[in-house]
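Report on one structure; see the data block that follows.
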């Protein structure tokens with residue numbers, strides 16, 4: 001029948017749109033994708049507020065059972081809920097493509113996502129270059145391409161939104177090899193960890209991209225009315241601060257700020 | 001007391017979030033900003049659905065009466081409604097700065113905006129460079145900086161989101177000089193007009209940025225369930241098509257598409 005792909009926005013169960021909530025209420029089955037981001041409230045709050053049972057979908061379930069979800073959507077109304085905007089990240093383009101190939105009607109309900117909500121920090125979205133992801137370094141895998149991308153942005157006087165890695169329900173290589181479904185505790189990269197990794201890249205590549213004086217903005221739980229923090233400063237200062245629980249993001253500012261950007265930067269300055 | 005700056009999303013009155021609607025219901029006065037974008041439904045639909053009188057604010061009102069709105073917010077709950085996300089464009093950073101300087105509590109309620117909703121076209125938001133605005137050419141004023149910015153994006157294999165000009169309630173220079181409040185009919189740049197202006201730049205600057213074969217995606221009324229169109233093709237083809245009423249936007253694609261981007265491009269190909 002139809003697959004509704006519905007953005008939940010950034011904060012809690014009340015950040016869904018009226019349209020999205022109505023479609024959930026009409027749905028026969030409701031899935032919640034919980035492996036690319038996290039809502040700041042437990043699933044039970046959503047179930048109570050939407051008055052629907054919600055089936056949480058982790059990465060393994062989604063990969064192994066995507067066809068099942070799509071087959072259900074042939075005869076039922078299925079909602080697939082995603083934190084933020086459903087198509088802001090790349091993950092969910094695949095399920096939509098597959099649905100359309102099966103001639104399933106797909107409706108996307110957009111919502112706020114980090115890539116636009118950061119407008120609240122006062123840096124103009126027009127002045128951002130390419131967004132980068134900073135992945136957790138592992139002992140034998142320390143990719144530095146995000147550093148090179150930030151350099152290109154800085155050279156062109158663009159801001160860079162750095163999205164910090166999250167690891168939800170991941171298994172160690174050992175447990176994958178042994179086929180054991182034992183999951184590591186979830187991890188969410190913090191501002192401090194991101195700055196450490198950026199500093200590591202600077203020490204290796206020495207292109208003068210990241211210094212203690214680089215201006216940046218720490219973004220914590222954007223969209224959450226109670227826990228949101230926006231704090232500007234240089235990287236040395238930002239590294240020394242304590243923040244609310246993740247999700248954290250980091251904006252590396254363009255070298256030259258416009259007047260209104262300067263005013264915002266000063267307003268959010270760590271004191 | 002408090003200034004709520006609330007995003008309405010992209011489609012109709014039901015694209016507001018539950019949180020946003022609740023804050024409107026609590027508000028003493030509700031303003032609707034109607035000069036930087038347009039909702040696809042009349043104000044009356046909003047008033048009926050939100051059960052509140054809504055005061056439409058044009059650019060002149062906002063500039064002349066901003067202080068009045070802020071003074072009201074000292075003792076009342078004021079909602080200031082903005083189509084899309086309230087801070088996606090640059091216009092409304094000023095009122096928030098001014099409010100904070102007056103120690104007025106400000107709460108921003110985010111929502112979908114064009115800059116993230118275009119994820120629906122399948123081009124990855126990570127692969128976009130700087131967003132550009134294409135302003136209406138006037139007889140003696142034909143700025144071409146957007147062309148240069150698209151060239152930088154193409155040279156770096158980035159997509160470019162081109163936001164097309166809108167003119168709402170504008171006066172001719174003659175009427176401004178005579179201090180007459182006579183307004184021109186609203187105008188919304190179409191895909192065809194944008195392609196014409198891009199072609200004009202190419203003919204003047206000859207940097208081989210825009211050719212008939214340049215791949216692009218026409219975006220019409222994104223977020224509207226009934227009128228949304230996403231159509232891909234080369235510029236020659238896109239120029240020849242008929243589209244639903246504006247708002248229109250245009251994506252100039254990066255020269256090399258990733259596999260999933262190619263699949264989306266082909267799915268949306270004009271046939």
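Observations on the structure shown:
- Some residue of segment A:238-253 being at pLDDT 95 or above, farther than 21 Å from residue A:163 by Cβ and more than 14 Å from every other protein chain (Cβ to nearest Cβ): yes
- Within segment A:1-48, being facing chain B (nearest Cβ under 9 Å) and more than 19 Å from residue B:109 (Cα to Cα) holds for one residue alone: A:22.
- Looking only at segment A:156-195, residues that are out of contact with any strand residue (DSSP E or B) (no Cβ under 8 Å at 6 or more places or on another chain), surrounded by 13 or more Cβ atoms within 10 Å (Cβ to Cβ) and either within 14 Å of chain B (Cβ to nearest Cβ) or without any contact (Cβ under 8 Å) to a residue 12 or more places away in the chain (or both) come to 3 in all.
- The set of residues in segment A:111-133 being more than 7 Å from chain B (Cβ to nearest Cβ) and part of a helix (DSSP H, G or I) consists of A:114, A:118, A:121, A:127.
- So residue B:14, is it part of a helix (DSSP H, G or I) and farther than 24 Å from residue A:128 by Cα: yes
- Residues satisfying the stated conditions in segment B:49-87, i.e. out of contact with any strand residue (DSSP E or B) (no Cβ under 7 Å at 6 or more places or on another chain), in contact (Cβ under 8 Å) with a residue 40 or more places away in the chain and assigned to a loop (DSSP other than H, G, I, E, B): B:58, B:83
- Picking from residues in segment A:88-110 that are part of a loop (DSSP other than H, G, I, E, B) and within 7 Å of chain B (Cβ to nearest Cβ), the one that is modelled with the highest pLDDT is A:110.
- Failed item in (1) within 12 Å of the chain's Cα centre (by Cα); (2) surrounded by fewer than 20 Cβ atoms within 10 Å (Cβ to Cβ); (3) modelled with pLDDT of 95 or more, with residue B:145 passing the rest: (1)
- Scanning segment A:116-134 for residues that are without any contact (Cβ under 8 Å) to a residue 40 or more places away in the chain, out of contact with any strand residue (DSSP E or B) (no Cβ under 6 Å at 6 or more places or on another chain) and over 14 Å from residue B:161 (Cβ atoms) yields one hit, A:119.
- The condition of being farther than 22 Å from residue B:188 by Cα and crowded, with 18+ Cβ neighbours inside 10 Å holds for only one of B:55, B:69, that being B:69.
The values are calculated or read from the model by the stated rules, or taken from the named source; none is laboratory data. Model, not experiment: these values are computed from the prediction. Neighbour counts run over all protein chains shown; Cβ positions are idealised from the backbone, glycine included.
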